[in-house]
1. Per residue of the range 31-44, in order, report the coupling 6.51 cos²θ - 1.76 cosθ + 1.60 (Karplus, θ = phi - 60°) as ³J(HN,Hα) in whole Hz, putting x for Gly and Pro.
2. Run the accessible area of the chain with a 1.4 Å probe and give the carbon-and-sulfur part as a rounded percent.
3. Kindly identify the chain as rounded, prolate or oblate by the Cα gyration tensor criterion: order the square roots of the eigenvalues as a ≥ b ≥ c, call it rounded if a/c is under 1.5, otherwise compare a/b with b/c, prolate if a/b is larger, else oblate.
4. Counting helices only, and only those DSSP H runs with n ≥ 4, report the 222 nm mean residue ellipticity of the chain as the sum of -39,500 (n - 2.57) divided by its residues, in deg cm²/dmol to the nearest 500.
5. With every protein chain present, what is the per residue accessible area of the chain (1.4 Å probe, Å²)?
Amino acid sequence: MKNFHVPLPDETYDRLRIAAERSKVPATCLAREAIDFWLRQQLRRARHDAIAAFAAEAAGTSLDLDGELEAAGIEHLVRTGKVSK
């Protein structure tokens, strides 16, 4: 594990300390969890953006989703009653 010094504005520092005291968890643990969460969200967003860009670029080309496969997928979802998130 590496140490990383992060200067915080007073208000952020105070809110972190209060949250740490309230949850009885060290402030460093809360900060680590917040950073990890943010980094995971950034990775997900980048992956989503890359997939969306590829889909937009591939639309109408031979790389686009096969029409019959798409229809079969929709039919399956309707038949099984599964709803996307």
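1. Karplus-based 3J(HN,Hα) across the range 31-44 equals 5, 4, 5, 5, 5, 4, 4, 4, 5, 4, 4, 5, 5, 4 Hz.
2. Answer for the chain: carbon and sulfur cover 61 percent of the accessible area.
3. Cα axes put the chain in the prolate bin.
4. Here the helix-only value at 222 nm equals -24500 deg cm²/dmol.
5. Working: 8010 Å² over 85 residues.
That works out to 94 Å² for each residue.
The values are calculated or read from the model by the stated rules, or taken from the named source; none is laboratory data. These numbers were taken from a predicted model, which means no experiment stands behind them. With ligands, DNA and RNA removed, areas are computed over all heavy atoms of the protein, side chains included. Shrake-Rupley method; radii C 1.70, N 1.55, O 1.52, S 1.80 Å.
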